[in-house]
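What follows draws every value from the coordinates through simple rules; no lab data is involved. Since the structure is predicted, the reported quantities are computational estimates derived from the model, not experimental observations. Glycine gets a Cβ as well: all are built from the backbone with ideal geometry, and neighbour counts include every protein chain shown.
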Amino acid sequence: MSKEKLLFSLLLDISSMNKEIGTERAQLELPKLICTLLEADGCALYFSKSDRDGLFLSKHYSLPKGHVFVDTWQKHWSPLSDCAVYINNHEMAKSFAEDNSFKTCLILPLHIGGKIAGVVLMGWKSTCPVDELSPKDQQLCQLIAMLLSDVYCVYPLISKLKQRETNLAALYRKTEDDLETSRKKVSLELHDEVGQVLTSILLQLKLLQQSDDLEYVKGRLGGLHHITLEALDEVRRISQNLRPNLLEKLGLQATVGAHIKEYSENTGIEVELRTHNLGERIAENLETIAYRAVQEGLTNVARHSGANKVIISLTIKGSNLFLQIIDNGTGMKKSDVYGTGLLGMRERSTRAGGKFWLVNKVDQGLTINMLLPLV
Ligand SMILES: Nc1ncnc2c1ncn2[C@@H]1O[C@H](COP(=O)(O)OP(=O)(O)OP(=O)(O)O)[C@@H](O)[C@H]1O
Ligand SMILES: [Mg+2]
């Protein structure tokens, strides 16, 4: 078969995977398909993780005898051409496999957003059937590379975005539910606590209105004064429970401190707060993100970890706020998946331009890390 025909049938075969493009199966199958059609001895995909790092082996396939591809591809990264390259230089070709077995190679660069995101490398122990490439062959190679870029770069991005959208929707629902719950709580407290006291004041005032006995009225006024103060206290307590107000007024350190105190009293779990350089007030949204993370982290510890000790560390490190919540519980199990709590923390940190990561040690505990840029 001519080179052109070979490349064309590869293009057709990849296109015919239409329905599967974007699936894990397509990603695994394609190197094998390329090897089979072009009679290559091995095919590997390399991708870059960042602009500087070079290329890293991601997927590979080789015939049963097996070729072990090199893990990174640093030195060939910069001179990489924009179009397909045929390599007939044994010295260079053999450097792609650890057993130095390749004599010829074909390299297809994969582009995304005008940049090279990775390459497909095909290797032959003898001559390659798609050697010197005519302009038409080059065009076919570019079309093949475009399809492969979709499979390996564009579709995974799309599915990541879809997943993010699903997470955001779940988060939105949770926020709405939380809001509804706290509305109900406040309305119940207002009704039960403040409403009761005000009704009692009203009844007593009515009694006083009907009385002509000045001594009796004076005596009752003392009692009324007392329960009015009680009502005021109750209103203060309810308003302080609306956390953001407290956070706004007292700042992060004091609010976290107050929450920890109440938490430890309720759960019996010892919590130590360590702060460093947390002198001045930081941006309001960062205080809220960190405070919500502490609340959720501690709730998770009580619900899932079996820990008896937690260390919360709040530090200003350079131009970042660094929050750590370290517990000494069971840690997360392999089967555990992120729920809205952890997703919410991650989402809020990402939105603030920060980072969120977990360090999990089975039977030793979980550490939540959150790094938030101050500006
Ligand atoms: N400190 C911890 N120790 C052990 N496992 C944990 C800890 N924190 C979280 N997990 C595990 O991670 C899972 C996800 O936590 P996440 O907070 O996202 O969801 P959740 O607590 O199950 O539900 P919610 O959406 O109400 O927060 C938990 O179900 C639990 O299995
Ligand atoms: Mg949770």
Taking 7 Å along the Cα-to-C-beta vector as the label spot, tell me the Arg220-Val337 distance in nanometres, rounded to one decimal.
6.4 nm
State the percent of C-alpha pairs, over all pairs in the range 264-375, separated by a distance greater than 21 angstrom.
33 percent
Taking Cα pairs closer than 8 Å and at least 6 residues apart, the relative contact order of the range 229-367 in percent is 20 percent
Checking the cross-link filter: which aspartates and glutamates have an alpha carbon closer than 16 Å to that of Lys103, excluding same-chain neighbours under 8 positions apart?
Glu39, Asp41, Glu91, Asp131, Glu132
Near Lys162, which lysines are there with a Cα under 29 Å away, not counting those fewer than 8 places off in the same chain?
Lys19, Lys32, Lys49, Lys59, Lys115, Lys174, Lys333, Lys334, Lys355
Looking at the chain, do any whole DSSP H helices span at least 15 angstrom along their long axis by alpha carbon and average 0.0 or above on Kyte-Doolittle, and which?
3-15, 24-38, 135-149, 195-210
Using amide H atoms built in the peptide plane, which far-off residues or other-chain residues are under 5 Å from Leu321 H to H?
Leu372, Leu374
Residues with amide H under 5 Å from that of Leu278, placed H, sequence gap 5 or more
Ile316
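Under the 0.36 nm per residue contour assumption, what length would be gained going from the current alpha-carbon distance of Asp13 and Glu280 to full extension?
Numbers: separation 267, 0.36 × 267 = 96.12 nm, distance 6.26 nm.
Net length gain for the segment: 89.9 nm.
Could you give the C-alpha radius of gyration of the chain expressed as a fraction of 2.2 N^0.38 Å, taking N as the number of residues it contains? Mind showing how you got there, number by number?
Working: Rg = 32.8 Å, N = 375, 2.2 N^0.38 = 20.9 Å.
Rg over 2.2 N^0.38 Å, computed on Cα atoms: 1.57.
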Computed on Cα atoms, the radius of gyration and Dmax of the range 175-241 in angstrom are 16.2, 56
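Contact order normalised by length for the chain, with contacts defined as Cα pairs under 8 Å and 6 or more residues apart; what percent is it? Please list the in-between numbers first.
Numbers: 530 pairs, mean separation 37.6, N = 375.
10 percent.
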Taking only the alpha-carbon positions of the range 3-163 as identical scatterers, the Debye log10 I(q)/I(0) at q = 0.11, 0.13, 0.21 Å⁻¹ comes out as -0.39, -0.56, -1.59
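Starting from 0.36 nm per residue, how many nanometres of slack lie between Gln163 and Leu80 once their C-alpha separation is accounted for? Show your work: numbers first, answer last.
Numbers: separation 83, 0.36 × 83 = 29.88 nm, distance 3.32 nm.
So the chain would gain 26.6 nm between Gln163 and Leu80.
Return a whole-number percent for the relative contact order of the range 3-163, with Cα pairs under 8 Å and 6 or more residues apart as the contact set. Write down the numbers at each step before the final one.
Values: 274 pairs, mean separation 40.0, N = 161.
The normalised contact order for the range 3-163 reaches 25 percent.
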Rounded to the nearest 500, what is the 222 nm mean residue ellipticity of the chain from helices alone, with -39500 (n - 2.57) per DSSP H run of 4+ residues and division by all residues?
-16000 deg cm²/dmol
